[in-house]
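The values are calculated or read from the model by the stated rules, or taken from the named source; none is laboratory data. From a predicted model like this one, the values you see are computed outputs, not experimental measurements. Note that each Cβ is placed from the backbone with ideal geometry, even for glycine, and that neighbours are counted across all protein chains shown. For the accessible areas, the whole protein counts, side chains as well, though only heavy atoms, and no ligand, DNA or RNA atoms are used. Shrake-Rupley method; radii C 1.70, N 1.55, O 1.52, S 1.80 Å.
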Amino acid sequence: MTKDIRSQTAAVIPAYQDEKHIGDIARRTRERVDHVLVVDDGSTDQTAERAREAGVEVVVHPENRGKGEAIKTGLAHWFAASNRSTVEPDGQIKWAVLLDSDGQHLPEEIDRFMAAAASVTRPTFFIGNRMNDVARMPFARRVVNRYMSKEISRVCGQRIPDTQCGFRMVDQQLASHLRGGGHRYDYETEALIIASRTGYQIESVPITTVYTDQVSKIHPVRDAIRFFKLMRRYRKLWRIDTGSRRSHS
């Protein structure tokens, strides 16, 4: 892994009601990359304070807007700053690593993403893959993950073993295409579809499966409805694109 990748990489950690874990996660992330931003998505606990104590930058949403909006805020923060050359006197942020605040992603494994990014030769969107370590994953989540990954892979036109993983790495160009999309957890699914339709290869990076005392912030019914609406919309677009290509062949 080259030194350039580290200096060109920033981290975005969306956080909500995570005062218990955020300080530790932020500190460990700072050990891997120099530029770390926590986006506190309207927490009412001490999430923002614990993050500041860890020595990282913090942006606070005055109200809860959803994980998707927190990620968009983080991407805009780093890449807008990079464009103004305020991050490094002689450098520019070209990559952003996204990881969760609750300890489910190990900051030490950011190195795996940077090593992968250092060797790419085409536009690539990196996503963590926990499916080689499923023994630690709750059975119900394993089943749901496999089903959703299969469906999303079909729409994306490429195999993605773990579409539900939030541990990711995007480049500056792709981030410009991710300013729209969903507001909450559906945003992460839509990001994969947008990347695929933009011509990006989606490459999986093996990571450790971690489940400790986290309480999922996903609302099963509400977020399931969002997922199926999203998939229905993109399946329709996929059928239109496929039909158009056939008619011109």
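Given the protein chains as shown and a 1.4 Å probe, how many square angstrom of VAL144 are accessible, to the nearest 10?
Its accessible surface works out to 70 Å², give or take rounding.
How far is it, in nm, from the label point at SER119 to the one at GLU63 when both lie 7 Å from their Cα along the line to the Cβ?
Inter-label distance under the simple model: 4.8 nm.
Accessible area per residue for region 2-71 in Å², computed with a 1.4 Å probe and the full protein assembly in place, what is it?
Ligands and nucleic acids excluded, the result is 44 Å² per residue.
So how far apart, in nm, are the two label points at ARG136 and GLU49 if each is 7 Å from Cα heading toward Cβ?
Going by the 7 Å Cα→Cβ label model, 3.1 nm.
Quick one: net charge of VAL134's neighbours, Cβ under 13 Å, K/R +1, D/E -1?
+3
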